[in-house]
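The block underneath contains the structure these notes are about, expressed in structure tokens.
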Amino acid sequence: MYTLSNRLRLFSIILMVVGLVGLIVGFGQRPGSVEEVKEMMAAHDAHGGGHSESQVAESGHKNQGHGEEDAHGGDAHYEHVLHQLQNKPWASLYVAAFFFFMIALGVLAFYAIQFASQSGWSPVLFRVMEAITAYLVPGGIILFVILALSGFHVNHLFVWADPEVVADDALLQGKASWLNGTWFIIRAAFFLGGWLLYRHFAVKYSRKQDEDATGNKWYKKSFKISAGFLVFFIYTESMASWDWIMSFDPHWFSTLFGWYVFASLFVSGITTIALISIYLKSKGYLEFVNNSHIHDLAKFMFGISIFWTYLWFSQFMLIWYSNIPEEVTYFITRIEDYNLPFFGMLVMNFIFPILVLMNSDFKRVNWFVVMAGIVILCGHYIDVYNMVMPATVGGSWFIGISEISAVLLFLGLFLFVVFRALTKAPLLPKGNPYIEESKHFHY
């Protein structure tokens, strides 16, 4: 049995406390009125230079999602800037909440695939996967609360939730039957409920199989629900990506977007499995996990990174080459205002994994896999950042106290929940019919 160390518990709690305090400070620093925005911009102009939040004023008109027609001058422009600055801590909170939730969701999909494919190499990693998916419960609740507040326009994250904007936008009016607060929240509850329900029964059956020494009754049940869940997941994940990410830019859409988000969450989840497994091995646990298991996880990290790049290139190149104004503006905004993070995450998510993980021998070197995994996770955080921030905070893309604090808060919560979940069951699922094959797996 795994025992959660006091040091790791204290570390995760400190991260949560520091992150929470930082977010409170970030929310407290938001301007509360148009007058404060004017004073902030005047002070910035007086001092000159620097890349700060007031630069939203210079690039805010490029963000078509927040009523650019009204943002070209006068108080309407300042109000537009006010909304963007007020969005900054909310958007930071949302990016971090979604990122850590998508890691757990990616692991859940990978876990289901192992059962549905009757995989023989991976059962020794099942307890790690089950522990990571434990984060879906608190992470899903937090994400749902943020979605509910956003869907009912408590904040200004989703432009389609603002009745005043919709009233002047024919395109948003045409999408109102789908993009409205009530239906948005019902869908979110349905998605989250289905994912959590599968996770509940999958873990329950896994524990039951440990106790069943006479047959594979519970494994067969796990196989059936996993196969059914994957059908449910591939539809709901696509719709959730439309709702929770793509609708930040409701004038823009991509038919590849569901797959693009899936690739990001999938590789992030697999990378997290590898990192936690390597950490546990370094502490003397998971002695039955060998270099071949790590090698296979690293192969998935490499392969899905290539798949993600294929989708990124397909989406970007087709839209860029066609040069249709209502489509290409999505990338123009990001290239002009988010040039460094936009192309930087391409280096982190594609070029770096290729250089580090292409060699088969490197996939067996733990510190190489850890280094690559950290870069991949940071790269996909920036990817989520790029998908959310341009439509919510405009030109204010810099990493400030809100962004750092949100990451610390959810990282602390993630570590606490995952490693606490590891203590709930033996690290080796003894009742799995493929466990001996998995223990003796060598590549």
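Once the trypsin sites (Lys or Arg not before Pro) in DSSP loops with at most 13 neighbouring Cβ atoms within 10 Å are cut out of the chain, the longest remaining piece is 1-282.
Between beta-carbons, use under 13 Å as the cut-off and find the net charge around Lys430, counting Lys and Arg +1, Asp and Glu -1. Counting the neighbours of Lys430, the net charge comes to 0.
Of the accessible area of the range 217-340, computed with a 1.4 Å probe over protein heavy atoms only, carbon and sulfur atoms account for 68 percent. Solvent exposure of the range 287-435 amounts to 39 Å² per residue of accessible area, where only protein heavy atoms count and the probe is 1.4 Å.
With a threshold of 21 Å on the Cα-Cα distance, the over-threshold entries among Lys224/Lys299; Lys220/Lys430; Lys204/Lys430; Lys281/Lys430; Lys204/Lys283; Lys38/Lys88 are Lys224/Lys299; Lys204/Lys283. Across the range 142-236, Cα-Cα pairs more than 20 Å apart make up 54 percent of the total. Other residues lying with their Cβ under 14 Å from the Cβ of Phe253 contribute a combined charge of -3, Lys and Arg counting +1, Asp and Glu -1. Principal-axis analysis of the Cα atoms of the chain puts helix 217-244 at an angle of about 10° to the longest axis. Entry comment: accessible area of the range 225-277 is 26 Å² per residue, from protein heavy atoms only and a probe of 1.4 Å. Taking the Cα centre of the chain as reference, the dipole from Cβ charges on Lys and Arg (+1) and Asp and Glu (-1) amounts to some 2900 debye. Among His293, His83, His200, determine the one that fluctuates most according to a GNM of the chain built with springs between C-alpha atoms less than 10 Å apart. Answer for the Gaussian network model of the chain: His200.
Oblate is the label for the range 352-443, because the ratio a/c of its alpha-carbon gyration tensor axes (a ≥ b ≥ c) is 1.5 or higher and a/b is not greater than b/c.
Computed from Cα positions, the angle between helix 291-322 and the longest principal axis of the chain comes to roughly 30 degrees. Overall, the anisotropy analysis places the range 196-301 in the oblate class: the square-rooted eigenvalues a ≥ b ≥ c of its C-alpha gyration tensor yield a/c not less than 1.5, with a/b not exceeding b/c.
The values are calculated or read from the model by the stated rules, or taken from the named source; none is laboratory data. Keep in mind the model is a prediction, meaning the values are calculated, not measured. For neighbour counting, all protein chains shown are included, and Cβ atoms are generated from backbone atoms with ideal geometry for every residue, glycine included. We work out accessible area using only protein heavy atoms, side chains counted, and drop any ligands, DNA or RNA first. Shrake-Rupley method; radii C 1.70, N 1.55, O 1.52, S 1.80 Å.
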